[in-house]
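Quick notes on the structure that follows.
The values are calculated or read from the model by the stated rules, or taken from the named source; none is laboratory data. These numbers come from a predicted model, not from an experiment. Heads up, the Cβs are rebuilt from the backbone with ideal geometry, glycines too, and the neighbour counts pull from every protein chain shown.
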Amino acid sequence: MKKNEIKKCVSLVEVASTIKQRIIDGTYPRSSKLPTREKLKLELKTTYATIQRGFDKLIADGYVYTNGSRGTFVVEFPPVEYHYGILFLHVTGDEAWVKYWERMQEEAEKWNENTNYTFKFYYGLNKRESHLYQGQVLDDLREQRIGGVIFAGGMDGFDPNFVSQIGNIWSTICYVSTNKSHFAAMIDKAIFCKEAVAKLHDLKRTKIAIITSGEYNTYLKDNFISEFNKHNLVYDHDLVLNGGDVLKSFWVERLVKLLCILPEDKRPDGIIVTDDNLRNGVCAGLEKTNLVVGKDLDVIIHANFPLQEPDSLPVYRLGFDINETIGGSLKAIIHKKQGLDKDELVIPAIFGDINTGRFETYFIQENINSWDSMLLYQKDVELFIKSNPIQ
């Protein structure tokens, strides 16, 4: 019996599955014309109507298209290699929606418009609401409408049963996470701590405050203490302030104003902000003091590049390139498909330009903008796919 041939195929699901697998394994090459419905009807021992319904399903799943009287053709970029899901814990616009997810969605939409890759967004996949939304994710993976998923954020918020079901269906899962136990592509907050403290030390700042949110866990704290000790700086617990609810910028604004009215011998001359959701409140607070940023103190604020808008003050932005995260995540998924998931892919922290949002990556020695970086990482992933064909 020939490869992927079945003795009897009576359902549209079996017809679609057989043809889809032949497309995936290259029996029917990309952009090639499929056999006629009559030929497939005879080969698969079913009815013309069933073949037609199978074709309809393949069209809906994104694997084939019709070209009038010329016939039905395989797409050039099959979903299993070029379509991916990005999973968000919450829904856009709700109180828990954060800037990192907003930037990832915006940049992924640019990939959709300008590259061969397509990202589908799935929302509300937190432990409380995931039962309302997880069915579509599981179905799309099961039907190979997407070739893998990117978890946008720490894994702690996702329903572990849901994650387990994904793993049982499809092994090509990429985690974008700050937790080392879950990563394939990891946002390296340890490098953020290292670079931020080193920068302020180079600027001769000695009294450094840290303004953070609920994410300030043992991992971040230990890294900051280690970097302070490395540069002979005093880690002052009284200068570590939690901004609480990141959406209430007025609270962060008040914290900053309180810091800045401390006696001169206690007032910080450097501030590190670990969460970009605190940015507006920090800048608003600084603007209502008599201190001059860049002279009386220097400020480093976490960022996701490309920047959404310039800052109102000359603060330093240190953070992560969303396009590198997306491109790196795709490479990590392909690694997993090739059985190379032991490789660690770390997304480094980088400094951005204060006003333009342009930035340097750790391996490119020139400034590149959002468009250039997107195309760069697309080409990088394309090259990787060509050298690592999916089996």
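From the set of residues in the stretch 190-221 that are part of a helix (DSSP H, G or I) and more than 25 Å from Leu262 (Cβ to Cβ), which is modelled with the lowest pLDDT? First the steps, then the outcome.
First pass over the stretch 190-221, keeping only residues part of a helix (DSSP H, G or I): 190-202, 218-221.
Filter again for more than 25 Å from Leu262 (Cβ to Cβ), leaving 190-192, 194-195, 218-219.
Values: Ala190: 87, Ile191: 90, Phe192: 92, Lys194: 95, Glu195: 95, Thr218: 74, Tyr219: 78.
Here the answer is Thr218.
Residue check, Trp97 against (1) more than 21 Å from Leu138 (Cα to Cα); (2) in contact (Cβ under 8 Å) with a residue 60 or more places away in the chain; (3) surrounded by 14 or more Cβ atoms within 10 Å (Cβ to Cβ); (4) not β-branched (Val, Ile, Thr), all met but one. Which one?
For Trp97, the failing item is (2).
Taking the stretch 117-167 only, how many residues are assigned to a helix (DSSP H, G or I), among the hydroxyl-bearing types (Ser, Thr, Tyr) and surrounded by fewer than 19 Cβ atoms within 10 Å (Cβ to Cβ)?
Total satisfying the criteria: 1.
Which one is modelled with the lowest pLDDT, of the residues in the stretch 306-330 that are more than 12 Å from the chain's Cα centre (by Cα) and not in a loop (DSSP other than H, G, I, E, B)? Even if it seems obvious, please write down each step before you answer.
Let us first name the residues in the stretch 306-330 that are more than 12 Å from the chain's Cα centre (by Cα), namely 306-319.
Now restrict to residues that are not in a loop (DSSP other than H, G, I, E, B): 316-319.
Numbers: Tyr316: 92, Arg317: 91, Leu318: 92, Gly319: 88.
Among those residues, the one meeting the criterion is Gly319.
Taking the stated definitions as given, is Glu253 assigned to a helix (DSSP H, G or I), closer than 23 Å to Gly153 by Cα, among the charged types (D, E, K, R) and at pLDDT 75 or above?
Answer is no for this residue.
Which condition breaks for Trp111 when tested against (1) modelled with pLDDT of 90 or more; (2) of a type outside the set (D, E, K, R); (3) surrounded by fewer than 18 Cβ atoms within 10 Å (Cβ to Cβ); (4) within 28 Å of Ile301 (Cα to Cα)?
Going through the list (1) modelled with pLDDT of 90 or more; (2) of a type outside the set (D, E, K, R); (3) surrounded by fewer than 18 Cβ atoms within 10 Å (Cβ to Cβ); (4) within 28 Å of Ile301 (Cα to Cα), Trp111 breaks only (3).
Return yes or no: is Arg103 surrounded by 20 or more Cβ atoms within 10 Å (Cβ to Cβ) and among the charged types (D, E, K, R)?
Taking the combined requirement at face value, the residue satisfies it.
Is at least one residue of the stretch 36-45 on the phi > 0 side of the Ramachandran plot and among the charged types (D, E, K, R)?
Among the residues of the stretch 36-45, at least one is on the phi > 0 side of the Ramachandran plot and among the charged types (D, E, K, R), which makes the answer yes.
Can you tell me which residues in the stretch 279-299 are assigned to a strand (DSSP E or B) and either touching a Cys at 6+ places or on another chain (Cβ under 6 Å) or closer than 14 Å to Ile211 by Cα (or both)?
Asp298, Val299
Among the residues of the stretch 296-305 satisfying the criterion of being buried (at least 23 other Cβ atoms within 10 Å of the Cβ) and not polar (S, T, N, Q), which is nearest to Pro268 (Cα to Cα)?
Result: Leu297.
How many residues are surrounded by fewer than 18 Cβ atoms within 10 Å (Cβ to Cβ) and β-branched (Val, Ile, Thr) if we restrict to the stretch 47-71?
Number of matching residues: 3.
Of the residues that make up the stretch 63-70, is at least one among the hydroxyl-bearing types (Ser, Thr, Tyr), assigned by TED's automatic domain parsing to the domain that holds Arg22, touching a residue at least 24 places away in the same chain (Cβ under 8 Å) and not in a helix (DSSP H, G or I)?
Restricting attention to the stretch 63-70, the residues satisfying the condition of being among the hydroxyl-bearing types (Ser, Thr, Tyr) are 63, 65-66, 69.
From the residues that got through so far, the ones that are assigned by TED's automatic domain parsing to the domain that holds Arg22 too are 63, 65-66, 69.
Right, trim to touching a residue at least 24 places away in the same chain (Cβ under 8 Å) and you get 63.
Going one step further and asking which of them are not in a helix (DSSP H, G or I), we end up with 63.
Within the stretch 63-70, one or more residues are among the hydroxyl-bearing types (Ser, Thr, Tyr), assigned by TED's automatic domain parsing to the domain that holds Arg22, touching a residue at least 24 places away in the same chain (Cβ under 8 Å) and not in a helix (DSSP H, G or I).
Taking the criterion of being hydrophobic (A, V, I, L, M, F, W, C) and within 25 Å of the chain's Cα centre (by Cα), would at least one residue in the stretch 239-251 satisfy it?
Scanning the stretch 239-251 turns up at least one residue that is hydrophobic (A, V, I, L, M, F, W, C) and within 25 Å of the chain's Cα centre (by Cα).
In the same structural domain as Val149 (by TED's automatic domain parsing), over 25 Å from Gly135 (Cβ atoms) and surrounded by fewer than 20 Cβ atoms within 10 Å (Cβ to Cβ): is that true of Glu38 in this structure?
No: the conditions fail for Glu38.
Give the residues of the stretch 75-91 that are more than 21 Å from the chain's Cα centre (by Cα) and buried (at least 20 other Cβ atoms within 10 Å of the Cβ), sorted by residue number.
Result: Pro78, single match.
Whether any residue in the stretch 349-358 is at pLDDT 80 or above and aromatic (Phe, Trp, Tyr) is what I want to check.
yes
Taking Asp341, is it in contact with a helix residue (DSSP H, G or I) (Cβ under 7 Å, 6 or more places away or on another chain), assigned to a loop (DSSP other than H, G, I, E, B) and at pLDDT below 65? Let's see the steps before the verdict.
Working: in contact with a helix residue (DSSP H, G or I) (Cβ under 7 Å, 6 or more places away or on another chain): yes; assigned to a loop (DSSP other than H, G, I, E, B): yes; at pLDDT below 65: yes.
So Asp341 passes the test.
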